[in-house]
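Each remark here refers to the structure printed beneath this line.
The values are calculated or read from the model by the stated rules, or taken from the named source; none is laboratory data. All values derive from a computational prediction rather than experimental measurement. Cβ coordinates were reconstructed from backbone atoms using ideal geometry, including for glycine residues, and neighbour counts include every protein chain displayed. What goes into the accessible areas is simple: the full protein's heavy atoms, side chains included, and nothing from ligands, DNA or RNA. Shrake-Rupley method; radii C 1.70, N 1.55, O 1.52, S 1.80 Å.
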Amino acid sequence: MSLHNWLPSPQKMSDAVQLRASGFTETTMRQSLGMVLLLGLLAGFIPFLVNWERAASVGTALPLARLGAQASLLQETPLSYISTYFDPVQLGELFQVIAGLPQPLPGWLTAFISALGEWINWPLRWLAVWIVYGALVMVCNSVLGATCRLQPFFAATGFAAAPLLLIGLSPIPCLGRVCSVIGVIWAFIVYSRANEEVTNLPRLRSLTAVTLPLLFILIASLCALALFVLFIYLFAADF
Amino acid sequence: MLQPENYPRFIAKALLLEPDPFVEMVDDDNPWIEGLFLCACIGVLVAAAQLLGSLLLTASLPSSDALLNTVLQSLRQGAAGGEILFEIERALRSAWPLLLAHSGYDGVSFRLLSLATTPLGLICQWLLFGLSSHLFARAAGGQGALGQTLGAVALSNAPRLLYLFTAVPFVSVAAVLVHVWGVLIAFRGLEVAHELSPGPAALAAVGAWLLVLLVSALAAAAFGALLVISGGNL
């Protein structure tokens, strides 16, 4: 089991992010899987360090440290529309009290474990996007007349993870957000190029196949949000 | 004959949608027994990882009683009063054990129970998925036997091994990833076991998955209704 079996060569990655056709061929799904996981871990490393430091400075788990940080924001923000049921100042105080509650493990260890968990979530999220979004795109590809198989498709589209590495810079103030936006747009372009290359569909059809799942996810998310808001409204009206 | 030593190789190749593990499963003398044992192994491993994750999560957070008391104390000091406060407190108190059981936070005893229930649940789900996908595949013109389908479809549980990461607290594995990846593996399995072309195999895999989803949703709704009727005290 050599590293070569689990990762494409740096030259392939370089070709793919430069949208060269040679970057998307002769790669296996195994190599793409390795690349998605490794790049996800690399991208999550700086956020991991930042999260660990943030949680360790409070001496608690990361979610509670975040809750504590939200408390001051909540107390400063005028939230009159929810204050019928919750007093923002009191809610902020509650968050601070919860963040200060003692836990069995030492603070630094709790901080490390929670930040580690968040770090592991990075490659898992990338994997989810790669597989789930890929499955939806493959359905659209088939409907639009493509005949390619799953393995070469996933092998080629895995290269979209390379530009996503820029998201790892997100903790840097201002610049991080710009880098994240660039990374996402670049990844989408690489993904579209990979899909076009592997399916041999005309550019417009290939782009349609890549875009349709986004619209589907957007509509599904809006429906879910509307249902949630309706549920909250009915719950509040009941009281 | 059981070949557990081959399972890691089968699982790795199934995750990569390669046909070899399905061919070996289908050609096995007892594919459904291999499938049954594979599902049980995956279930036990996942449950053990979740138990460890639950222990670490409980040690990483304040005690659940202290947390609940803090929230309730804050509610009592809030703007809400009388009947509303009573209703909120009652709802919170009845939902709290469910929240703990679901998250694994301060729910070690529940996780101990899941050492038995997770493999059993996984086996039931595999049987239902296997039977329905076999019926769908046969309807689509497939030639495989039920035992071969069960053996091939058992490998669709391979993505559940991602739940091993939940041994680290605060790791969350998207259920949609596990399900979609599982359906893709089942699709490959049905292609091999029933010698189907991609279209019918995909329809059989998705149809069977939708059926399992429907049954699971009905079971969850029935459990929820039972919970509401009993007033949160089952």
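What about B:P21, is it assigned by TED's automatic domain parsing to the domain that holds B:F165, open to solvent by 40 Å² or more (accessible area, probe 1.4 Å) and either assigned to a helix (DSSP H, G or I) or out of contact with any Pro (no Cβ under 9 Å at 6 or more places or on another chain) (or both)? Taking the combined requirement at face value, the residue does not satisfy it. Among the residues of the range A:25-41 satisfying the criterion of being in a helix (DSSP H, G or I) and polar (S, T, N, Q), which is surrounded by the most Cβ atoms within 10 Å (Cβ to Cβ)? This residue is A:S32. For the range B:8-17, the candidate set comprises residues that are within 14 Å of chain A (Cβ to nearest Cβ), in contact (Cβ under 8 Å) with a residue 40 or more places away in the chain and of a type outside the set (V, I, T); within that set, the residue that is farthest from A:A155 (Cα to Cα) is B:A14.
Suppose the filter is among the small types (G, A, S), buried (at least 20 other Cβ atoms within 10 Å of the Cβ) and at pLDDT below 90; does A:A115 pass it? If you could, list the steps in order and put the result at the bottom.
Working: among the small types (G, A, S): yes; buried (at least 20 other Cβ atoms within 10 Å of the Cβ): yes; at pLDDT below 90: no.
So A:A115 does not fit the description; no.
Just checking, how many residues over the range B:140-170 are without any contact (Cβ under 8 Å) to a residue 60 or more places away in the chain and surrounded by fewer than 24 Cβ atoms within 10 Å (Cβ to Cβ)? Spell out the reasoning first.
Looking only at the range B:140-170, we keep the residues that are without any contact (Cβ under 8 Å) to a residue 60 or more places away in the chain, and these are B:141, B:143, B:145, B:149, B:162.
If we keep only those that are surrounded by fewer than 24 Cβ atoms within 10 Å (Cβ to Cβ) too, we end up with B:141, B:143, B:145, B:162.
Here the count works out to 4.
With respect to the conditions (1) more than 24 Å from B:D28 (Cα to Cα); (2) touching a His at 6+ places or on another chain (Cβ under 8 Å), B:L214 lacks only one, and its number is (2). Scanning the range B:104-124 for residues that are in a helix (DSSP H, G or I) and open to solvent by 60 Å² or more (accessible area, probe 1.4 Å) yields B:S109, B:F110, B:L112, B:L113, B:L115, B:T117, B:L120, B:C124.
Might you let me know whether the range B:91-103 holds any residue that is assigned to a helix (DSSP H, G or I), in the same structural domain as B:G121 (by TED's automatic domain parsing), open to solvent by 40 Å² or more (accessible area, probe 1.4 Å) and among the basic types (K, R)? Within the range B:91-103 (the criterion being assigned to a helix (DSSP H, G or I), in the same structural domain as B:G121 (by TED's automatic domain parsing), open to solvent by 40 Å² or more (accessible area, probe 1.4 Å) and among the basic types (K, R)), the answer is no, since none of the residues qualifies. Counting only helices (runs of 4 or more DSSP H) wholly contained in the range B:131-234, the ones carrying 1 or more residues that are within 14 Å of chain A (Cβ to nearest Cβ) and touching a helix residue (DSSP H, G or I) at 6+ places or on another chain (Cβ under 7 Å) occupy B:175-193, B:198-229.
What do you reckon, is B:N69 on the phi < 0 side of the Ramachandran plot, assigned by TED's automatic domain parsing to the domain that holds B:V168 and either open to solvent by 30 Å² or more (accessible area, probe 1.4 Å) or touching a strand residue (DSSP E or B) at 6+ places or on another chain (Cβ under 9 Å) (or both)? So B:N69 does not fit the description; no.
Just to be sure, is A:F188 in a helix (DSSP H, G or I) and under 19 Å from A:P123 (Cα atoms)? Spelling it out, A:F188 is indeed in a helix (DSSP H, G or I) and under 19 Å from A:P123 (Cα atoms). When you scan the range A:134-152, do you find a residue that is more than 9 Å from chain B (Cβ to nearest Cβ), more than 18 Å from the chain's Cα centre (by Cα) and of a type in the set (G, A, S), even just one? Yes, there is a match, as at least one residue in the range A:134-152 is more than 9 Å from chain B (Cβ to nearest Cβ), more than 18 Å from the chain's Cα centre (by Cα) and of a type in the set (G, A, S). Any residue in the range B:104-122 that is away from chain A (no Cβ under 14 Å) and among the charged types (D, E, K, R)? Taking every residue of the range B:104-122 in turn, at least one turns out to be away from chain A (no Cβ under 14 Å) and among the charged types (D, E, K, R).
Which members of the range B:50-64 meet the condition of being more than 10 Å from chain A (Cβ to nearest Cβ) and either outside any helix (DSSP H, G or I) or open to solvent by 10 Å² or more (accessible area, probe 1.4 Å) (or both)? I'd like the intermediate steps shown before the answer.
Narrowing the range B:50-64 to residues more than 10 Å from chain A (Cβ to nearest Cβ): B:50-52, B:54-55, B:64.
B:Q50, B:L51, B:L52, B:L55 - these are the residues of the range B:50-64 that are more than 10 Å from chain A (Cβ to nearest Cβ) and either outside any helix (DSSP H, G or I) or open to solvent by 10 Å² or more (accessible area, probe 1.4 Å) (or both).
Selection over the range A:137-150 of residues that are part of a helix (DSSP H, G or I) and open to solvent by less than 50 Å² (accessible area, probe 1.4 Å) gives a count of 5.
Checking each residue in the range A:69-83 for being open to solvent by 20 Å² or more (accessible area, probe 1.4 Å) and either in a helix (DSSP H, G or I) or at pLDDT 90 or above (or both) picks out A:A69, A:Q70, A:S72, A:L73, A:L74, A:Q75, A:E76.
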